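The values are calculated or read from the model by the stated rules, or taken from the named source; none is laboratory data. Just so it is clear, the model here is predicted, and its values are computed rather than measured. Here the Cβ positions follow ideal geometry from the backbone for every residue, glycine too, while neighbour counts run over all protein chains shown.
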Amino acid sequence: MAPSANGQTVGRRLPVESAFTRVEDARHRLPRLFGRRDLVVLGLGVMIGSGIFSISGNQAALTAGPAVILSFVIAAIVCLLAAACYAELSSTIPVSGSAYTFSYVTFGEMWAWLVGWALVLELVTAAAIVARVWSAYFLATLDSFGLSLPANVAQYFGPDAKLNLVAPLLLLLLTAMVVTGTKLSARVLTVVVAAKVAVILLVIVVGATHINWDNYKPFVPMPRAASATASPTLLSWILDSSFGTFGTMGIFTAASSIVFAYIGFDLIATASEDARNPRKTVPQGMLLGVGAVTILYIAMAVVLVGMRPYGQLGGSAPVSSALSAVGVGWAAKVVNLGALLALMTVIMVVLIAQSRVLFNMGRDGLLPKSLGRVSRVYSSPARAAGAAGVAAILLTLYPKVLELEELLVIGALFCFAFCAVGVLTLRRSEPNLERGFRVPMVPLIPLLSLAATVWLMLNLKTSTWAKFGLWMLLGLAIYGLYGRWHSRLANEDSWDFDIGDTDPGTGGLQPVRPAPEARTGELRAVRNPPPPKPGRGKHMRN
């Protein structure tokens, strides 16, 4: 199939009306099951995870010292600005795919592909890293209860083992649940999130009684020269100056990594097609979720740094280690159990989000069309979910996967930057579109979001930028060889086909042609979208 002659690849934008009609008219669409509370719970389920249980201690020990508290504040401001931009775009284009779909409508196909490719990097890395962190807390939990694995078995289950098996096994189990469309009732997920919040509040309350104020001194440790083998940040490389760690620059360097802890609000946008009244509920879910975790994260950082000297906060399970060190081992056991529960839900939500991104890219023809199918058996994008799980399993087998944390961050920040510019662009190109949420003080807020995002990206290591560059070059190669030629927009005659819909008897693609009045009334449907369909109860499923 050859691309259409009218329009170049870079400028080939998805019309806003087509973004809606290809969802409303398609047979391969997702049931609308999520309400506002469900989306808030979904966001908390993914944001309360390894960031609060591991990153805070490690960044304090290695990069920022007690000033890691300020790093959390900086990261929170960046994410709140970005969340506002995501909220407007998701309320304007309430279609699953998040920043990928926003970019397709706003900038064009090739840019959308790059953003989607960055999303794939972010999500698959997140699933693999969190699975490895889960394995560390799994062993810590066994140790806290006086249990130990036989030596010949433990060598395959340790977080630093050359062949870590517990993380792939966990991913295999959760992938199977996502593929089969296992229902996650709102009540059950709410209970799980409530348990995680209760564990965090326990740490804050118990830890506050063991704060040693001397541990906050010096609040900003003296700068320390970077080791000869350490990769410099991009900013220090540009300025030809080695910033090392600690000091003022250590605060910003830590903030660049701590963004990892807040990532998750953007995943709520991938559930737009699953949500009832998404123009309102998706923005509310994002902003409420980010606000809640900001309070919890900063409070946790204050208490954690106060409990123990910052130099002793490194390791795979710093929170439970700090509690044990101050003599409250029982609380450490509770934290380990809470961390296992928290990290498991993080992985599940990440896999769900990844499946939605791949589902949309397959539906648009930029990836194999089979990924854009909704299983008739499970009512979920089963093939996309399976592909997401396999990719995460393969990556988590990499012995140094925990060192790829910044790849997740740079992928997310790349999408943040496009969303900030997207708000300004769409305000100018489509000023009359219905918006369920509007970013205040435009263009100031989007420009601040863009500036803050770029600043944090500059504080990431040059080695991270090199890996990211290679990933994007690989993406461009795949797009040039496959996506450009198979895109639905490149083949206008295929617009009338429901991608991936098959007839059991013939196995062929079946045309699903909208009625003429539906085609001519597309723009009217976008300007005045129909009311959402009633939900089918409070049960949620991926």
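Regarding Ala339, is this residue under 23 Å from Pro309 (Cβ atoms) and more than 21 Å from the chain's Cα centre (by Cα)?
Details: under 23 Å from Pro309 (Cβ atoms): yes; more than 21 Å from the chain's Cα centre (by Cα): no.
No.
Go through the range 375-399 and give me each residue that's outside any loop (DSSP other than H, G, I, E, B) and either free of Cβ contacts under 8 Å to residues at least 60 places away in the same chain or of a type in the set (Asp, Glu) (or both). Break it down stepwise before answering.
Looking only at the range 375-399, we keep the residues that are outside any loop (DSSP other than H, G, I, E, B), and these are 382-396.
Answer for the range 375-399, where residues must be outside any loop (DSSP other than H, G, I, E, B) and either free of Cβ contacts under 8 Å to residues at least 60 places away in the same chain or of a type in the set (Asp, Glu) (or both): Arg383, Ala384, Ala387, Leu394.
Restricting to the range 179-207, and then to whatever is at pLDDT 85 or above and either more than 24 Å from Val334 (Cα to Cα) or under 20 Å from the mean Cα position of the chain (by Cα) (or both), can you tell me which residue is surrounded by the fewest Cβ atoms within 10 Å (Cβ to Cβ)?
Top of the filtered list is Val197.
Can you name every residue in the range 114-139 that is over 17 Å from Lys400 (Cα atoms), buried (at least 24 other Cβ atoms within 10 Å of the Cβ) and modelled with pLDDT under 90?
Listed by number, the list holds a single entry, Tyr137.
May I ask you to list the residues in the range 400-438 that are assigned to a loop (DSSP other than H, G, I, E, B) and more than 21 Å from Ala118 (Cα to Cα)? Let's see the steps before the verdict.
Start the filter on the range 400-438 by keeping residues that are assigned to a loop (DSSP other than H, G, I, E, B), which leaves 400, 430-438.
Passing the criteria: Glu430, Pro431, Asn432, Leu433, Glu434, Arg435, Gly436, Phe437, Arg438.
Yes or no, residue by residue, for (1) crowded, with 20+ Cβ neighbours inside 10 Å; (2) aliphatic (A, V, I, L, M):
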| residue | (1), (2) |
| --- | --- |
| Ala269 | yes, yes |
| Leu288 | no, yes |
| Ile295 | no, yes |
| Met300 | yes, yes |
| Gly311 | no, no |
| Thr345 | yes, no |
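Hand me the list of helices (runs of 4 or more DSSP H) wholly inside the range 1-113 holding 1 or more residues that are over 24 Å from the mean Cα position of the chain (by Cα) and either farther than 14 Å from Ile263 by Cα or modelled with pLDDT of 75 or more (or both). Walk me through it before giving the result.
Details: elements: 16-24, 36-47, 56-59, 68-92, 99-106.
Passing ranges, in order: 16-24.
Please indicate, with yes or no, whether at least one residue in the range 333-341 is modelled with pLDDT of 85 or more, buried (at least 24 other Cβ atoms within 10 Å of the Cβ), in contact with a helix residue (DSSP H, G or I) (Cβ under 7 Å, 6 or more places away or on another chain) and under 22 Å from Ala76 (Cβ atoms).
The answer is no, given that none of the residues of the range 333-341 is modelled with pLDDT of 85 or more, buried (at least 24 other Cβ atoms within 10 Å of the Cβ), in contact with a helix residue (DSSP H, G or I) (Cβ under 7 Å, 6 or more places away or on another chain) and under 22 Å from Ala76 (Cβ atoms).
Evaluate the following for Ser320: is it over 20 Å from the mean Cα position of the chain (by Cα), within 27 Å of Phe145 (Cα to Cα) and in contact (Cβ under 8 Å) with a residue 60 or more places away in the chain?
So Ser320 passes the test.
Scan the range 365-410 residue by residue and report those that are surrounded by 21 or more Cβ atoms within 10 Å (Cβ to Cβ), of a type outside the set (A, V, I, L, M, F, W, C) and in contact with a Phe, Trp or Tyr (Cβ under 7 Å, 6 or more places away or on another chain).
Selection gives Gly372, Pro381.
Would you confirm, using the coordinates I've provided, whether Ser324 is of a type in the set (S, T, N, Q), touching a Leu at 6+ places or on another chain (Cβ under 6 Å) and either closer than 21 Å to Glu403 by Cβ or surrounded by fewer than 24 Cβ atoms within 10 Å (Cβ to Cβ) (or both)? Reasoning before the result, please.
Working: of a type in the set (S, T, N, Q): yes; touching a Leu at 6+ places or on another chain (Cβ under 6 Å): no; either closer than 21 Å to Glu403 by Cβ or surrounded by fewer than 24 Cβ atoms within 10 Å (Cβ to Cβ) (or both): yes.
Criteria not met by Ser324.
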